[in-house]
1. If you scan region 158-182, which residues turn out to be surrounded by fewer than 20 Cβ atoms within 10 Å (Cβ to Cβ) and either at pLDDT 90 or above or under 12 Å from the mean Cα position of the chain (by Cα) (or both)?
2. Quick check on region 158-175: of everything there that is touching an Asp or Glu at 6+ places or on another chain (Cβ under 7 Å) and not in a helix (DSSP H, G or I), which residue is farthest from residue 102 (Cα to Cα)?
3. So, residue 10, is that one surrounded by 12 or more Cβ atoms within 10 Å (Cβ to Cβ), at pLDDT 90 or above and not in a loop (DSSP other than H, G, I, E, B) or not?
4. Being buried (at least 16 other Cβ atoms within 10 Å of the Cβ), part of a helix (DSSP H, G or I) and modelled with pLDDT of 85 or more is the filter here; which residues of region 208-236 pass it?
5. Given the residues 114, 149, which is the only one that is farther than 28 Å from residue 62 by Cα, at pLDDT 90 or above and buried (at least 22 other Cβ atoms within 10 Å of the Cβ)?
Amino acid sequence: MNPRFDFDKVVSTGQADRAGVCDEILLPADLLPGLLCAPSAPRDDDENRIPAGAIDGLFVPEGYEESYAYPLLVWLSTVPVSGPEFADRMRLISDRNHLGVSIPISEMAEPAEIEAQIIEVVTNVRRALHVHSERVVLVGQNHSALPAIEIALRNPDWFHGVIALGGQPPQTARLFGRFGELRGLRVLLAGSAERREPQRWRRLERELWSAGCDVQLWSWLGDTPPTERVLRQIDRWMMVAIERESTVWV
């Protein structure tokens with residue numbers, strides 16, 4: 001059985017994160033030989049802290065600084081993604097701004113199973129690396145976009161936001177069980193303007209907005225996304241929130 005997520009514990013860890021402290025709970029040394037796909041690894045032993053069977057890839061940005069709490073992009077994937085492929089994807093977003101982890105999921109799995117899988121991985125990443133506890137963003141593409149949206153909206157206390165690239169719009173009736181707790185959740189819905197179902201996406205946008213979410217719709221022309229442009233858009237979307245927070249505190 002996958003361990004469940006102890007949010008109270010993570011909140012306290014997040015407070016330690018802001019003070020520049022990161023948990024140092026080592027996992028067995030044979031769990032992740034050579035899976036860390038980082039331009040520059042922060043420490044030789046970090047790669048021994050994430051269970052190899054739980055992820056497809058882990059990305060650590062260029063010039064990783066232990067004292068800085070990084071945003072974490074948690075990618076869900078229903079198709080295999082190699083470590084180098086995931087590293088290339090993250091570098092196209094930014095080679096310095098974000099940590100990233102790719103989690104393989106099954107389309108046949110129950111949402112509760114996927115949730116437990118995500119939280120186990122995120123907890124282990126946070127033990128190994130300095131993650132900002134309030135900037136964990138779930139990302140789904142095509143077939144994984146729908147579960148990403150559903151899981152983020154069911155668990156707004158776990159995630160800062162969610163990014164859905166392509167895929168089909170969800171049935172909204174089952175998404176808003178925690179309607180009153182969604183204020184401030186950031187949502188980026190991106191897809192092909194030609195394949196998108198405009199009415200259903202606009203309805204989802206309105207309902208997210210009425211719940212207090214910070215929601216943005218973004219489209220590209222044609223069936224195939226302009227990969228680099230879409231990924232750069234993710235970096236801009238992420239950094240807007242960080243700059244906004246910095247402006248408020250200044």
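The values are calculated or read from the model by the stated rules, or taken from the named source; none is laboratory data. Keep in mind that this is a model prediction, so the values were computed, not measured. Neighbour counts are summed over all protein chains in view; Cβ atoms, including those assigned to glycine, are modelled from backbone coordinates with ideal geometry.
1. Within region 158-182, just 158 meets the criteria.
2. Let us first name the residues in region 158-175 that are touching an Asp or Glu at 6+ places or on another chain (Cβ under 7 Å), namely 160, 169-170, 172, 175.
Now narrow it down to the ones that are not in a helix (DSSP H, G or I): 160, 169-170, 175.
Values: 160: 17, 169: 22, 170: 22, 175: 24 Å.
Applying the filter and picking the extreme gives 175.
3. Working: surrounded by 12 or more Cβ atoms within 10 Å (Cβ to Cβ): yes; at pLDDT 90 or above: no; not in a loop (DSSP other than H, G, I, E, B): yes.
When the stated conditions are applied, residue 10 does not pass them.
4. Answer for region 208-236, where residues must be buried (at least 16 other Cβ atoms within 10 Å of the Cβ), part of a helix (DSSP H, G or I) and modelled with pLDDT of 85 or more: 208, 231, 233, 234, 235.
5. Result of the check over 114, 149: 149.
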